[in-house]
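Everything below concerns the one structure shown next.
The values are calculated or read from the model by the stated rules, or taken from the named source; none is laboratory data. Predicted model only: the values in this text are computed from it and were never measured. Virtual Cβ from ideal backbone geometry, glycine too; neighbours counted across all protein chains shown. Surface accessibility is based on the protein's heavy atoms, side chains included, excluding ligands, DNA and RNA. Shrake-Rupley method; radii C 1.70, N 1.55, O 1.52, S 1.80 Å.
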Amino acid sequence: MKYLFTYPEKCTGCRQCSISCALNKLGECNPKKGAINVLRDEFERYEIQFVCLHCEDPECVLVCMKSAITKGEDGIVRVDKEKCIGCRMCVVACPYGAITSFEGDIIKCDLCDGEPVCIKYCSTEAVVYEEENEELMDRRKELAKVILKKE
Amino acid sequence: MLNRKLGVVDLSKGKIEIQEVSESLRKALLGGRGFNSYYLWNMVPEGIDPLSPENVLIFGAGFLTGTLAPSSGRFNVSAKSPETGFLGDTNCGGFFAPELRYAGFDRLILKGKAEKPSYIYVEDGAIEIRDAQDYWGLDTLDVQKAFRKDLGQVEMAVCGVAGENLVRYACIRTGIKNAGGRTGMGCVMGSKNIKAIVAQGTIGIEIAHPEEMLKTVEELKDYIMKSKITPILGSVGTPLLYEVSNAFGGIRTKNSQLNAWSDDFNASEVEKFVEKMISCSSCFVHCRHRNTLGGEGPEYTALGLLGSNIGMEKLEDCIKMQNQVNDLGLDVSSTGTYLAWATELFEKGLIDEKVTGGIDLSFNDFETYTKLIDMISRREGFGDILAEGQWAAEKLNDPNRDYLIAVKGLPQSDPHDVRYMKAFALGIATSSRGADHLRSRPTLEIFFKLPPDVRNKIYGAEIANNPITLDTKEHVVSWSENIFATIDCLGMCKFICHGFNSPHFVDYDWMLRLINAASGWDYTDAQLRAVGPRVIDIERLFNMKHGLTKAHDTLPKKYFDDPSPLKVAKGHHIDREEFAKALDRFYEVKGWTPQGKVKDDRIAELEAIA
């Protein structure tokens, strides 16, 4: 399957990924409503992206009482807006901080059904969309450990 | 809605008004610098002391700030300048301005003076004046860290101890190094008892045609990334300019006694101190260095003004000093220029230890300069004199400012020695805020390989293909001023503006596509091209109202009278007669009177904007 892979060491913190995501999905420029988020702090000197990993066995799917979140045959984990009641359990459950919510609306990456918009606006290839392979998945696991430690 | 609101804060009365802004005004001036200058012209009474409560301090985001438009993280801060007495205006990047817009506001106008140290807190459509006792006395980094600790992921524009202590060239800072550096806007903050504007918001900027904006920016990104200059800016940033200018003798050195300096300040050396290149909001170029000495930078400006201009031999010392200046909240360009000024006066015997309080000034004296920078920010001893900037001329025994590299009282911003590059000279002489390259920097003048027909097409006139003549350069300067003013109104960075770093990049056509995609207007090319000249004329009117005359459109004495001593530029200076003629031609291109005044019918037209 193809996934978004992130490289925090290349991320410059510009947030064009988040802004383009929100513009594409919601028609507004708002980095806080992007399904990909950049956590940055110039004083602590880091930039790091948060985006759904479309886990093999997703915590968000497990905790959803309304079965509004499902992992499709294409491997993409999606939220069904009709079923979602905005309880935010998925937001709490995601170990990677990859789901957010605004006024009851859940914001989560769906890989734009296989054509993610965000990658087009990254000038340093800090977020790329690639077919999985062992090396990339190992790297992603290492990165996940870093995120888990930060949380 | 694309547009946000205007917050008018009367600090003396503790009163806050939230206003809508008319579409006609937005179509006339777009936003950012244009709006700020317009409000200053209308609101600041003639003859006031810039440090009095009558002064007005404006924080204004650009028309496209915070959108997907590339490099759109910028805002302007404007007031009557305590450093010059004329137009105070400074443009800054980072993340503050987008946050101000996400919090619901395009612009805040601060009037009066708070009774006690305060800060302005803005969140999702609301403005509060809050007590800042706990934050007063902190430097620019510590205060921002304290706000983040107390209030979460806020973005801030703050003044440092230099602003609190009313150093006339105190800057405004957001983040570690992004500065609204010029014309002492941090000093005006201090005079109003305001430590910071703190913003936090979740209100997205609605775009009229999202698909059109996504498409335009995708194409524009490809265009910008394909340029030869982009990867260079993205790997070494502005220091690349040092070597270019130094090669022909265009680097201010030891208070312009020399015009070239050591290769130890080349970008290849600066790169050794770079930990990571980072961006401002929405920027593809990422020209900011996170340095290994605990700060960000240096920019080309710091390399020159806190490097060659004060005779520094070690790059590391220069970077340390710029980190210090950034922390304290001083303007790099002014600080470096005043230090160099005082050092030359001391070396020439025009001042002695009685004036300096026992300080022995000499170029390349890192220890003394570091101590003095700290003393300036706290107004201690000789630092108290230097904190007055150009107003210290009498005390420094240089009453006519013959040794100060400044125009209209503002020290020259960039490290360019302009005796060789005549269009640069005309630009800093006529700029609305004093000696400043960011108003009109005609970089293409030193693109020696640019074909003449390309140059002529860009500037819309037959241009002399030679940087050493003032002939025809009135067109170059005027064209540059207009387009840079326009991009300032949009809140986008000059780094991707057509004609600033490259003969390519964002021209009026690209601007028009972005404006119409964002707003849904049918804005025309003619409407867009009218914005820049309008802003320039309004700034001229503000300056004239505050005492500016033709005599202020001039250059530092040294640039006229002392020919450059080194390299290709050797022997070059600005001829007074040639300059006077160029000034006349410049006024004509601007449509001003021979005395440099805006004509009456134009004034009536500008007064009718509402």
#### Entry: Relative packing of peptides B:397-408, B:299-310 - highest average C-beta neighbours within 10 Å first
B:299-310, B:397-408
### Summary
Among beta bridges assigned by DSSP with both residues in chain B, the antiparallel ones amount in percent, to the nearest 5, to 75
### Query
Which value results for Rg/Rh of the stretch A:108-151 when Rg is the Cα radius of gyration and Rh the Kirkwood radius based on the inverse mean 1/r?
1.01
### Task
Starting from the Cα coordinates of the stretch B:5-200, work out the convex hull volume and express it per residue in Å³.
102
### Task
Between A:GLU103, A:GLU135, A:GLU115, find the one with the highest GNM mean-square fluctuation for chain A; connect C-alpha pairs within less than 10 Å.
A:GLU103
### Query
Expressed as a whole percentage, what fraction of the accessible surface of the stretch B:5-200 belongs to carbon and sulfur atoms when a 1.4 Å probe is rolled over the protein heavy atoms?
43
### Query
Using a Förster distance of 35 Å, how high is the FRET efficiency between B:ASP453 and B:ASP575, based on the Cβ-Cβ distance and rounded to 0.05?
0.75
### Query
Over all directions, what mean area does the Cα convex hull of the stretch B:275-319 project, stated in square nanometres?
3.3
#### Entry: Solution diffusion estimate, µm²/s, Stokes-Einstein, the stretch B:422-487, Kirkwood Rh from C-alpha pairs, 25 °C, viscosity 0.890 mPa s
209
### Query
Which value, in Å² rounded to 10, gives the accessible area of B:THR65 with a 1.4 Å probe and all protein chains present?
0
### Query
Round to a whole number: what % of the accessible area of chain A belongs to carbon and sulfur, probe 1.4 Å?
48
### Message
On the Cα set of the stretch B:227-286, report Rg and Dmax in Å, please.
### Response
13.5, 41
#### Entry: Solvent-accessible surface (1.4 angstrom probe) belonging to B:THR549, in square angstrom, nearest 10
60
### Query
So, by mean Cβ neighbours within 10 angstrom, what's the order for B:151-164, B:225-238, B:319-332 with the highest one leading?
B:319-332, B:151-164, B:225-238
### Query
What angle do you read, to the nearest 10 degrees and between 0 and 90, between the alpha-carbon axis of helix A:16-26 and the longest principal axis of chain A?
30
#### Entry: Solvent-accessible surface ranking, highest first, for B:PHE448, B:PHE542, A:PHE43 at 1.4 angstrom
B:PHE448, A:PHE43, B:PHE542
### Task
Report the far tail of the P(r) of chain B, meaning the percent of Cα-Cα pairs longer than 39 Å.
21
### Query
Using only Cα atoms, what Kirkwood radius does chain A have, in angstroms?
15.7
### Summary
Quick note, the stretch B:417-607: a/c under 1.5 would make it rounded; otherwise a/b > b/c is prolate and the rest oblate (a ≥ b ≥ c, C-alpha gyration tensor); here it is oblate
#### Entry: Buried area at the B-A interface (accessible, heavy atoms, 1.4 Å probe, summed, Å²)
3100
### Query
Accessible area drop of at least 30 Å² (1.4 Å probe, protein heavy atoms): which residues of the stretch A:41-72 qualify, relative to the chain alone?
A:GLU42, A:PHE43, A:ARG45, A:GLU47
### Task
Quickly estimate the mean residue ellipticity at 222 nm for chain B, helices only: each DSSP H run with n ≥ 4 gives -39500 (n - 2.57), and the total goes over all residues, rounded to 500.
-11500 deg cm²/dmol
### Message
Over the protein assembly as shown, with the other protein chains present, what is the accessible area per residue in square angstrom, probe 1.4 angstrom?
### Response
35
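Rounded to two decimal places and with Rh computed the Kirkwood way over Cα pairs, what is Rg over Rh for the protein assembly as shown?
Expressed as Rg/Rh, it is 0.97.
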### Residue mean of other protein chain beta carbons inside 10 Å, B:274-282
5
### Query
Which whole number gives the average count of other chain Cβ atoms within 10 Å of the Cβ atoms across peptide A:8-21?
6
### Cα principal axis extents for the stretch B:235-407, largest first, Å
49, 35, 27
### Task
Quick one: compute a quarter of the convex hull surface over the Cα atoms of the stretch A:27-115 and quote it in nm².
6.8
### Query
Once the other residues with Cβ under 10 Å from the Cβ of B:CYS171 are scored (Lys, Arg +1; Asp, Glu -1), what is the net sum?
+1
### Task
Order B:HIS475, A:HIS54, most accessible first, counting only protein heavy atoms with a 1.4 angstrom probe.
B:HIS475, A:HIS54
